[in-house]
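These notes are about the structure you will find just below.
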Amino acid sequence: MTSLPAITTVAYLVASILFILALKGLSSPATARKGNLLGIIGMFIAVGITLVQPEVQAYGRIALFAAIGGIVGGIVAKKVPMTAMPETVGLFNSFVGLAAALVSLGAFHKGGHTGTIGSIEIFLGVVIGMVTWTGSVIAFLKLNGRVSGAPITWPGRHALNMLMGIAALALGAWFVVTHEAMPLYLTVVVAGLFGILWIIAIGGADMPVVISILNSYSGWASVATGFIIGNDLLIITGSLVGASGFILSIIMGRGMNRSISSVLMGGFGEGDLEAGDAANIQAQAAARGVNIGDVEVAAELMRGSREIIIIPGYGLAVAQAQHPVRELTERLEAEGVRVRFAIHPVAGRMPGHMNVLLAEANIPYDQVLEMDSINSDFPETDVTLVLGANDIVNTDALDLPSSPIYGMPILDAYKSRTVMVVKRSLNPGFSGIDNPLFYRENTMMVFGDAREIVDAMVKELKGAAVA
Amino acid sequence: MEEFLSHLTVFVLACFVGWQVIWKVTPALHTPLMSVSNAISGIILVGAMIAGGEALLDLPGKLGMVAIAFAAINVVGGFWVTQRMLGMFRKR
């Protein structure tokens, strides 16, 4: 709160620059690891210089609690499977929110922050911190399936949210005028409740936007605490994170052709409807004029192809099919087929989800292409294999103006000579929308679990290679 | 007020820097971007140390200690999982 000695200011500046370089490194996979190391160095510098500040005295306690957190973080980082990255990021977002709320409350109890600006800062720190915390906890629970992915809505929801917003503003005014604990702790309750009710109403398919927004909020929460304790390093770092999450939510919103505000209003999507017994699925599909293919036919067709594009979706992550897919790719390449992957910006449950899964399965990143760079290649593609994806290849987005996803950019799978869709049933995906791609003449549906089907395809190709 | 304005200046400039840098991140690395941003938001550790690190263990001190533990999860967990993830990205 007083002006810092020059050495501290310089150290904080260096740390800020190292964090910026860490983010800059992510412009290419080749420089990303080095960037991450620079970030780690920046964190060491920042924590090191803070330890020699006069107000930091309780070394024993600080070391103990930092060690507890560090060990927990290390265990999480070492053990978490890549399929669980979305909920892990959700959990990490929540911790920043909680820490920000605690630091803001601590600063309030320490006193000396009674001016109007100081009070507003504390109020904002508490509000953003609490919403980030409870909202992220719900997002975490939804992403790992402990709370239903379907939007949970109720009548009068928007009115209630509005009421909570008004209540928060009133509490803020009360707090700024009186500097009492009562309105501040009521704010804790209202903001925390709001975070829960807000995120619980948003459907699973909208999670890429939600997790990006909460990531952004965690940054703004750090900014607020930076203002409270008068620390530029927190302000700079928080702004970087806030901008990052904000930009990701813009990119995700564009990928779905939805405004961010419509996503945040919630209530979109029907939840996971995929289920049903095999006989029923086949009968239903046949009745609707769907071409049903079996694994042998599919494998034979792929073997005779020259160009194959694989489109992975959330179903790939759920079925843990990334490793069999790598095997399939290698088999096909051994037969002289060129195999590439097409990634839609909102495939999966978080930005970049599919890229990480494919990387985990050892699929080289130069074989994995973004929508814009591969979409023009579909007409020259023999087989497009759609694995656990639905909305991102739904042609209604192109030609049915009444469809809720009309206008969303899609991967042009339908333009390839043959489309193979591996899916558990004909039921619509998370958005609850039917997909005309499934009924096209050049489409072949292969019903089953993505992992089992791909495994069977690999076996079939192996058999053919031996014979 | 003067102090507030100087922090506000830093804030606005940092937002511009963030805006410029993040748009250059390749979409393939958006998940590591999120996990590394989790790690660097662990910088709130510094705030928790300053706000709750005095010798006397009063209420702000206790709140600060809990905040330190959670921030440390993010710092260690975030950087580590990012490094692990980035190690998986390889060229043909």
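The values are calculated or read from the model by the stated rules, or taken from the named source; none is laboratory data. Nothing here was measured: the structure is a model prediction, and the numbers come from that model. So basically every Cβ, Gly included, is an ideal-geometry build from the backbone, and we count neighbours across all protein chains shown. Areas reflect the complete protein model, heavy atoms only, side chains present, ligands, DNA and RNA absent. Shrake-Rupley method; radii C 1.70, N 1.55, O 1.52, S 1.80 Å.
Relative contact order, percent, of chain A when contacts are C-alpha pairs under 8 Å separated by at least 6 residues?
Reported as a whole number, the value is 14 percent.
Could you work out how far helix B:30-41 tilts from the main Cα principal axis of chain B, as a 0 to 90 degree angle to the nearest 10?
On a 0 to 90 degree scale, this one is about 20.
Starting from the Cα gyration tensor of region A:1-76, multiply each eigenvalue by 5, take the square root, and state the resulting semi-axes largest first in whole Å.
Sorted largest first and rounded, they come to 26, 20, 7 Å.
Which whole-number percent gives the relative contact order of region B:2-87, counting Cα pairs below 8 Å spaced six or more residues apart?
It rounds to 33 percent for region B:2-87.
Relative contact order for region A:355-467 using alpha-carbon pairs under 8 Å, separation at least 6, rounded to a whole percent?
Once normalised by length, the contact order is 23 percent.
So what is the accessible area of region A:1-76 per residue, in Å², with the probe set to 1.4 Å?
51
Using the Cα centre of region A:278-466 as origin and beta-carbon charges of +1 (Lys, Arg) and -1 (Asp, Glu), tell me which of A:ALA286, A:ALA342, A:MET445 is placed farthest towards the positive end of the dipole.
A:ALA286
If Lys and Arg each add +1 and Asp and Glu each add -1, what is the summed charge of the other residues whose beta carbon sits under 10 Å from the beta carbon of A:LEU301?
-1
For the protein assembly as shown, what is the mean residue ellipticity at 222 nm derived from helices alone (per DSSP H run of n ≥ 4: -39500 (n - 2.57); sum divided by total residues; nearest 500 deg cm²/dmol)? Intermediate values should be presented prior to the final figure.
Working: 22 runs with 356 residues, N = 559.
Taking each H run of at least 4 residues, the total per residue is -21000 deg cm²/dmol.
Total accessible area buried between chains A and B, 1.4 Å probe, in Å² to the nearest 100?
It comes to approximately 8400 Å² buried between A and B.
Quick one: putting +1 on the C-beta of Lys and Arg, -1 on the C-beta of Asp and Glu, what dipole do you get for chain B around its Cα centre, in Debye to the nearest 20?
Working: 6 positive and 4 negative charges, 187 e Å.
Roughly 900 debye for chain B.
Can you list residues whose amide H is under 5 Å from A:VAL386's amide H, if they're 5+ apart or on another chain and H is modeled 1.01 Å from N?
Here A:ILE311, A:MET420, A:VAL421, A:VAL422 satisfy the definition.
Mind grabbing the accessible area of B:PHE70 for me, 1.4 Å probe, Å², rounded to tens?
50
Taking square-rooted eigenvalues a ≥ b ≥ c of the alpha carbon gyration tensor, is region B:1-82 rounded, prolate or oblate, where a/c under 1.5 means rounded and, failing that, a/b exceeding b/c means prolate? Spell out each step's value before the answer.
On the way: a/c = 4.94, a/b = 1.31, b/c = 3.76.
In terms of gyration-tensor shape, oblate.
Evaluate Rg over Rh across region A:278-466, taking Cα atoms for both radii and Kirkwood's formula for Rh.
Expressed as Rg/Rh, it is 0.93.
What is the diffusion coefficient of chain A in µm²/s, taking the Kirkwood radius over Cα pairs and the Stokes-Einstein relation at 20 °C with a viscosity of 1.002 mPa s?
Numbers: Rh = 24.4 Å.
In µm²/s, the coefficient is 88.
Give the lysines reachable from B:LYS62 as a straight Cα distance under 22 Å; neighbours fewer than 8 places away on the same chain don't count.
Cross-link targets: A:LYS110.
Accessible area of region A:278-466 with a 1.4 Å probe: how many percent of it is carbon plus sulfur?
The value for region A:278-466 is 48 percent carbon and sulfur by accessible area.
Answer rounded, prolate or oblate for region A:122-272, using the Cα gyration tensor with square roots of eigenvalues a ≥ b ≥ c: rounded when a/c is under 1.5, else prolate when a/b is larger than b/c, else oblate.
Judged from the Cα gyration tensor, region A:122-272 comes out oblate (a/c at least 1.5, b/c at or above a/b).
Of A:ILE202, A:ILE308, A:GLY352, which is farthest along the charge dipole of the protein assembly as shown in the positive direction, counting Lys and Arg as +1 and Asp and Glu as -1 at C-beta?
Positive-most Cα among the choices belongs to A:GLY352.
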